[in-house]
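See structure below.
Read-outs throughout are calculated quantities, based only on the coordinates presented, and are distinct from any laboratory measurement. Predicted model, so just to flag it, every value in this text is computed and none were measured. As a convention, Cβ positions derive from the backbone with ideal geometry for all residues, glycine included, and neighbour counts pool all protein chains shown.
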Amino acid sequence: AQKVTQAQTEISVVEKEDVTLDCVYETRDTTYYLFWYKQPPSGELVFLIRRNSFDEQNEISGRYSWNFQKSTSSFNFTITASQVVDSAVYFCALSDTGRRALTFGSGTRLQVQP
Amino acid sequence: EAQVTQNPRYLITVTGKKLTVTCSQNMNHEYMSWYRQDPGLGLRQIYYSMNVEVTDKGDVPEGYKVSRKEKRNFPLILESPSPNQTSLYFCASSPRGAPDTQYFGPGTRLTVL
């Protein structure tokens, strides 16, 4: 069975600090996809990134970066120079090619204080 | 604009009163799903559909029904809602070529009293 663990329930930082959100996953599949979604206070789910299991290159998009380490089954998300607008719940999710669903972690609530 | 729409966005109802939450997508996607989001549990899949007239159970299907008579619509039906179905519900759709890349609707917040 697939499983995604986001051990950090809530993180509070001050604006301009860097913050890393952890994600650890379990799957028996060799081909799978990993995702991060952002859920701002308004409630919608905002897609951030999709990464397949064969691509272990780290990715950077502006202030966001992702570190995928297959050896430790982790897909961590770092926000550099955090801003108040980054305050949200962040979900890590996993999908394999056989299922038609995403397995979500329980989410990490990030509070960025001004 | 490519989107998934859900109606209603907010609903308060009473135990046992049948309700339907509608979901529609305009991207011609084959796959559609329903998820519920509960605190501390993330999102869990209720039902999914791989195409018209093809539906299957997800992880938490008890108490729900779905139908897929048209490609664009995938309504979620609660025949006899109970308080434990109070939750935030998301509909999602995805294309055949990338079934895992799901486009989510805005969510429906349901309260069952």
Signed unit charges on C-beta, dipole axis of chain B, positive-most listed residue B:GLN6, B:VAL60, B:GLN45: B:GLN6
Percent breakdown of C-alpha pair distances by 10 Å bin, ordered from the shortest bin, for segment B:27-73: 28, 49, 21, 2
Part-to-part distance (alpha-carbon centres) for segment A:64-83 and segment B:30-104, which is given in Å: 29
Peptide A:100-110, shielding by other chains (average Cβ, 10 Å cutoff): 6
Estimated dipole of chain B in Debye, rounded to 20 [Cβ of Lys and Arg +1, of Asp and Glu -1, Cα centre]: 280
Dipole magnitude of segment B:1-45, debye to nearest 20 (Cβ charges: Lys/Arg +1, Asp/Glu -1, about Cα centre): 280
Listed pairs A:LYS3/B:LYS18; A:LYS3/B:LYS17; A:LYS3/B:LYS65; B:LYS17/B:LYS71; A:LYS38/B:LYS17 exceeding 29 Å between Cα atoms: A:LYS3/B:LYS18; A:LYS3/B:LYS17; A:LYS38/B:LYS17
Chain A: radius of gyration and largest Cα-Cα distance (Dmax), Å: 13.7, 44
Taking B:THR55, A:THR108 and counting other C-beta atoms within 10 Å, the order from fewest to most: B:THR55, A:THR108
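What is the ratio of the Cα radius of gyration of the protein assembly as shown to 2.2 N^0.38 Å, with N the residue count, to two decimals?
Expressed relative to 2.2 N^0.38 Å, the Cα Rg reads 1.02.
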Radius of gyration, Dmax [chain B; alpha carbons; angstrom]: 13.1, 41
